[in-house]
Each structure stands twice: as structure tokens, then as C-alpha cells.
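> One structure is given below, represented as C-alpha cells, and several questions about it will come after.
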Amino acid sequence: MPTPSMEDYIEQIYMLIEDKGYARVSDIAEALAVHPSSVTKMVQKLDKDKYLIYEKYRGLVLTAKGKKIGKRLVYRHELLEQFLRVIGVDEENIYEDVEGIEHHLSWNAIDRIGDLVQYFEENKERTESLQLIQKQNEENQ
Ligand SMILES: [Mn+2]
């Protein structure tokens with residue numbers, strides 16, 4: 001299993017490759033707000049663990065294993081954003097909150113959160129009913 005930090009890198013590399021077709025060390029460093037030398041170190045570790053293949057002058061490609069995990073990590077991030085949005089968390093908090101929790105939930109919990117998001121999306125009255133409770137709670141504070 002990748003560590004939280006490895007997960008952040010795999011997730012970011014997967015997104016960069018989806019968006020641009022490639023992921024350069026400088027792009028990864030910028031996206032994660034870290035020094036390029038940290039990226040190089042991590043990329044070497046990810047290569048060693050077979051998540052990607054890194055060739056210094058030719059860039060990097062994800063292996064099948066890296067792609068599979070990258071896809072799940074991006075899905076998890078997006079699902080958690082949807083979840084926080086659906087329960088009414090302020091938009092300005094959503095990204096940071098997801099970054100804070102995404103590595104610390106089991107896949108079991110992720111799947112159940114997926115059910116809950118589906119539960120709300122299948123019937124807008126459920127969201128309205130939740131919003132009513134939130135309004136009442138705010139008024140009572
Ligand atoms: Mn993330």
C-alpha cells in the first residue's frame with residue numbers, strides 16, 4: 001500500500017497525464033508545492049515500487065498498477081468533494097478538507113460515502129430536507 005505522501009504524488013501524476021499527456025518533475029513540484037528535488041526522490045521510490053517508470057531525460061509513465069491506483073485516488077478525491085458539497089460544507093473549505101481526510105478513510109468508508117452521495121442525488125427532496133435541518137440548527141445557535 002502506498003503511504004499518504006505517495007498517494008498524493010500518484011494522484012497528481014495521474015491528473016497531469018490525463019490533462020496534458022505527460023507529467024514533468026517541474027509540473028509535479030508546482031502542483032504539490034514542493035521542491036523539485038523532493039519530486040525526483042519520490043519518483044525514484046515510485047519507480048522502485050513499480051507504480052511508474054522514470055527515465056531522467058524522457059520523463060515518466062505510469063505502469064498498469066500506477067494507473068489503476070491513480071484512477072481510484074482521483075475518484076476518491078472527487079467523491080469526497082461531492083460528499084462535502086452535498087452535505088452543505090462551504091465551497092471555500094472543500095478542497096483543503098478533502099486533502100486532510102482523503103488518506104485516512106478505508107475503501108469501505110469511501111464506498112459507503114458513495115452510497116450516501118447517490119442517496120442524495122437520486123432525490124432532491126432529501127437534500128432539501130437536510131438543508132432544512134441545517135437552517136434550523138443555525139437559527140438555534
Ligand atoms: Mn487529493
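The values are calculated or read from the model by the stated rules, or taken from the named source; none is laboratory data. Quick caveat, the model's predicted, so the values are computed rather than measured. With ideal geometry, Cβ positions are generated from the backbone for all residues, glycine too; neighbour counts draw on all protein chains shown. Ligands, DNA and RNA are stripped out before the accessible areas are found, and what is left, the full protein with its side chains, is counted by its heavy atoms. Shrake-Rupley method; radii C 1.70, N 1.55, O 1.52, S 1.80 Å.
A quick yes/no check of all residues on (1) in a loop (DSSP other than H, G, I, E, B); (2) open to solvent by 30 Å² or more (accessible area, probe 1.4 Å); (3) free of Cβ contacts under 8 Å to residues at least 40 places away in the same chain:
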{"site": "P2", "(1), (2), (3)": "yes, no, no"}
{"site": "I13", "(1), (2), (3)": "no, no, no"}
{"site": "I17", "(1), (2), (3)": "no, yes, no"}
{"site": "A23", "(1), (2), (3)": "yes, no, yes"}
{"site": "S26", "(1), (2), (3)": "no, yes, yes"}
{"site": "E30", "(1), (2), (3)": "no, yes, yes"}
{"site": "S38", "(1), (2), (3)": "no, yes, yes"}
{"site": "G66", "(1), (2), (3)": "no, no, no"}
{"site": "K71", "(1), (2), (3)": "no, yes, no"}
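> Among the residues of region 73-98 satisfying the criterion of being open to solvent by less than 50 Å² (accessible area, probe 1.4 Å) and under 11 Å from the mean Cα position of the chain (by Cα), which is farthest from the ligand (Cβ to nearest atom)?
Of everything passing the filter in region 73-98, L79 is farthest from the ligand (Cβ to nearest atom).
> Does E102 satisfy being part of a helix (DSSP H, G or I) and open to solvent by 100 Å² or more (accessible area, probe 1.4 Å)?
no
> Please count how many residues of region 107-129 are open to solvent by less than 60 Å² (accessible area, probe 1.4 Å) and assigned to a helix (DSSP H, G or I).
We begin by selecting, within region 107-129, every residue open to solvent by less than 60 Å² (accessible area, probe 1.4 Å); these are 109-110, 113-114, 117, 120, 123, 127.
Next cut, assigned to a helix (DSSP H, G or I) only: 109-110, 113-114, 117, 120, 127.
The total comes to 7.
> Filter region 40-51 down to the residues that are in contact (Cβ under 8 Å) with a residue 40 or more places away in the chain and touching a strand residue (DSSP E or B) at 6+ places or on another chain (Cβ under 8 Å), then identify the one that is surrounded by the fewest Cβ atoms within 10 Å (Cβ to Cβ).
Restricting to residues being in contact (Cβ under 8 Å) with a residue 40 or more places away in the chain and touching a strand residue (DSSP E or B) at 6+ places or on another chain (Cβ under 8 Å), the top hit is L46.
> Something else: For the structure I just gave you, tell me whether N93 is over 30 Å from R24 (Cα atoms) and part of a helix (DSSP H, G or I).
So N93 fails the test.
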